[in-house]
Amino acid sequence: MCDLCMKHGAGGKWYLNAEHYSNQIVEKYNLRDFLMEQYKNFEQISVRKVHGFNAVGMGYKLRIPIIGRIVKHTAEKMLHSTNPPTNPFKAEGHIGQVIPLEDAIAILETCAVEPIIEKNCMCRYMARGEKEACCINFGVMSEIIDKLPRFIPEKDKYFLTRKQAVERFREHNRKGYIGTIWFGPYPYINNLCSCANPECAGLRPRLDYGIKSIYKAEYIVHYHEDECNGCGACVKFCQFGAIELDRVRKKITINLDKCFGCGLCRHACKQNALHMAPRDETPGFEKDY
Amino acid sequence: MANQIKGKTKITIDYTRCGDGVDVDPRECRACLKVCKPAVFLLHETLGAVEENPYDPKKWRITALWLDLCTRCMKCVESCPAGAVAVTWKE
Ligand code: SF4
Ligand code: SF4
Ligand code: SF4
Ligand code: SF4
C-alpha cells in the first residue's frame with residue numbers, strides 16, 4: 001500500500017475510506033467558501049504569484065542546483081500538506097492517485113456523495129481551449145460547480161445517477177482516459193477525473209518534473225506473453241510510454257518502472273494478455289508508488 | 001522526464017494583438033493551444049478579472065507556461081493568425 005493508504009486508509013485504500021467524502025468534513029474546514037474561491041479563479045492559479053513565485057518557466061528553476069531542490073521540496077510539501085487548507089490560490093493538500101476502472105466503480109457505487117455531476121475538464125480547457133465533459137464531482141463540490149457556468153457542459157445532462165456516472169466513467173476509460181482520484185484539499189475527496197497526458201495539470205509535475213503530485217496505482221500490469229499475438233494495439237493506449245512493440249518477435253516489452261497501473265492497456269487487448277496485479281505483492285515494486 | 005533542450009526558450013504573446021488588450025478572444029481562436037504538442041500554453045483569465053466579472057470575454061489571455069518543454073517546432077508562430085506569438089532562444 002502507498003503511504004496515503006497507510007496514513008488515511010483506515011486499514012484499506014485511502015480513496016475507499018468513505019469518511020473522506022462526507023459533508024461533515026466540508027463544514028468542519030469551511031470548505032464551501034474555499035472551493036468556491038478556488039474554482040472561480042481556477043485557470044489563474046499557475047500564473048498567480050504565491051510568496052513571490054508562480055509556475056511560469058518552473059522547469060528552468062528546477063534545473064538550477066540547490067534552488068531546484070528547494071522548489072521541488074516546497075512543491076511536494078504543499079501538495080502533500082495535511083494542515084487545514086488556508087489559501088485557495090495554492091494547490092495545498094492536492095494529492096492524487098491513478099486508479100483502474102474497478103476502483104473507480106467502487107468509489108462511485110459506495111463512497112461518492114450525491115449529487116453527482118459531470119463537468120467540463122479544467123485541464124483540457126486551460127491547455128487546449130476545449131470543453132469536454134469528463135470530470136466527475138461529488139457532494140458539495142457538485143453544488144459549487146453548478147454555480148459556475150463555464151464548467152457546465154452545454155449539451156450533456158450533467159446531474160448523474162450513480163449508475164449513469166459508472167457508465168460515463170467506463171466510456172472515458174475505454175476511450176483511453178486515465179482514471180485518477182484526488183484529495184482537493186486534504187481531507188476532502190470530490191473529484192474523479194479521466195485524464196490525458198500532457199494536458200493534465202496534475203500528472204505534469206510528476207511526468208515532466210519528477211514532483212510527486214500523483215501516486216502510481218495500487219496495481220501494476222502483468223503480461224501473459226503466450227497469449228499475445230503482437231497486434232500492437234496496447235502500445236498507444238499507454239500514455240506513460242511503458243509498452244513497446246517488438247516487431248520481429250511479435251511480442252511486446254513492458255518497462256514496469258514506467259507502469260502507473262492505470263489498466264488502460266487491457267481495453268486494447270483482444271487476446272486477454274494484459275492483467276492487473278496488486279503492486280505491493282509484485283516483487284521489486286512493493287514500494288514503487 | 002522533461003526533454004532537455006539546450007539553453008532557455010523565451011515565448012511571448014503580444015497582448016496588443018491577442019487577449020485582454022484587444023478584441024481578439026483567444027478562447028475563440030485557440031490555434032496555438034491546439035498545435036502545440038507538449039501543451040506549453042495556458043489559457044486563463046487575467047489576474048484580478050474574477051473579482052470584477054468572471055465571465056467577461058475580454059478578460060482572457062494566453063501565457064506560455066511550460067517553457068522548458070517547448071521543442072522549438074515553431075508551429076504556434078506559424079499558426080497564429082494575429083502574428084502574436086514569438087519564440088526565441090539562446091543556445
Ligand atoms: S502498461 Fe498498462 S497499466 Fe501500465 S501504465 Fe501503461 S496502460 Fe497503464
Ligand atoms: S494488445 Fe494484447 S495481443 Fe496486442 S500486442 Fe498488446 S498485449 Fe499483445
Ligand atoms: S514552438 Fe512548438 S513546442 Fe514550442 S510552444 Fe510553439 S508549438 Fe509548442
Ligand atoms: S494563435 Fe495567436 S491569436 Fe490565436 S489564441 Fe494563440 S496567440 Fe491568440
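Please work out which residue is farthest from the chain's Cα centre (by Cα), limiting yourself to the range A:230-278 and to residues that are more than 20 Å from A:Asn197 (Cβ to Cβ) and charged (D, E, K, R).
The qualifying residue farthest from the chain's Cα centre (by Cα) is A:Arg249.
Could you look through the range A:198-240, keep only residues that are in a helix (DSSP H, G or I) and more than 14 Å from chain B (Cβ to nearest Cβ), and pick out the one that is farthest from B:Leu42 (Cα to Cα)?
Here is the first cut: in the range A:198-240, the ones in a helix (DSSP H, G or I) are A:204-209, A:225-227, A:235-237.
Keeping just the survivors that are more than 14 Å from chain B (Cβ to nearest Cβ) gives A:225-227, A:235-237.
Details: A:Glu225: 42, A:Asp226: 45, A:Glu227: 43, A:Val235: 29, A:Lys236: 26, A:Phe237: 25 Å.
Among them, the one singled out is A:Asp226.
Within the range A:264-283, identify whether any single residue is open to solvent by less than 40 Å² (accessible area, probe 1.4 Å), closer than 29 Å to A:Met78 by Cα and either assigned to a loop (DSSP other than H, G, I, E, B) or hydroxyl-bearing (Ser, Thr, Tyr) (or both), and answer yes or no.
no
Test A:Ala133 against the criterion of being without any contact (Cβ under 8 Å) to a residue 40 or more places away in the chain and either within 16 Å of ligand 4 (Cβ to nearest atom) or of a type in the set (Gly, Ala, Ser) (or both), and give yes or no.
In short, yes.
Spot the failing condition for A:Val248; the list is (1) without any contact (Cβ under 8 Å) to a residue 40 or more places away in the chain; (2) in a helix (DSSP H, G or I); (3) not assigned by TED's automatic domain parsing to the domain that holds A:Ile99, and only one is missed.
Answer for A:Val248: the failing condition is (2).
Every residue, every condition in (1) at pLDDT 90 or above; (2) of a type in the set (Lys, Arg), yes or no:
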residue: B:Ile11; (1), (2): yes, no
residue: B:Arg17; (1), (2): yes, yes
residue: B:Val35; (1), (2): yes, no
residue: B:Thr46; (1), (2): no, no
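Could you list, in sequence order, the residues of the range A:166-179 that are surrounded by 24 or more Cβ atoms within 10 Å (Cβ to Cβ) and not in a helix (DSSP H, G or I)?
A:Ile178, A:Gly179
Regarding the range A:16-33, can at least one residue be identified that is of a type outside the set (Val, Ile, Thr), within 14 Å of chain B (Cβ to nearest Cβ) and more than 21 Å from A:Ile107 (Cβ to Cβ)?
The answer is no; no qualifying residue exists.
For the condition open to solvent by 50 Å² or more (accessible area, probe 1.4 Å) and among the polar types (S, T, N, Q), what is the one hit in A:Asn229, A:Asn190?
Checking each option against the conditions leaves just A:Asn229.
Kindly indicate the residue of the range A:62-92 that is touching a Phe, Trp or Tyr at 6+ places or on another chain (Cβ under 9 Å) and open to solvent by 60 Å² or more (accessible area, probe 1.4 Å) and also nearest to the other protein chains (Cβ to nearest Cβ) among those meeting that condition.
Within the range A:62-92, the match that is nearest to the other protein chains (Cβ to nearest Cβ) is A:Lys72.
Which of the residues that make up the range A:39-55 are open to solvent by less than 40 Å² (accessible area, probe 1.4 Å), at the interface with chain B (Cβ under 7 Å from one of its Cβ atoms) and either without any contact (Cβ under 8 Å) to a residue 12 or more places away in the chain or under 16 Å from B:Lys59 (Cα atoms) (or both)?
Within the range A:39-55, A:Asn41, A:Glu43, A:Gln44, A:Val47, A:Ala55 meet the criteria.
The values are calculated or read from the model by the stated rules, or taken from the named source; none is laboratory data. Since we're looking at a predicted model, the values are computed, not measured. When we count neighbours, we look across all protein chains shown, and the Cβ atoms used for this are built from the backbone with ideal geometry, even at glycine. Just so you know, the surface numbers come from the protein's heavy atoms only, side chains and all, with ligands and any DNA or RNA stripped out. Shrake-Rupley method; radii C 1.70, N 1.55, O 1.52, S 1.80 Å.
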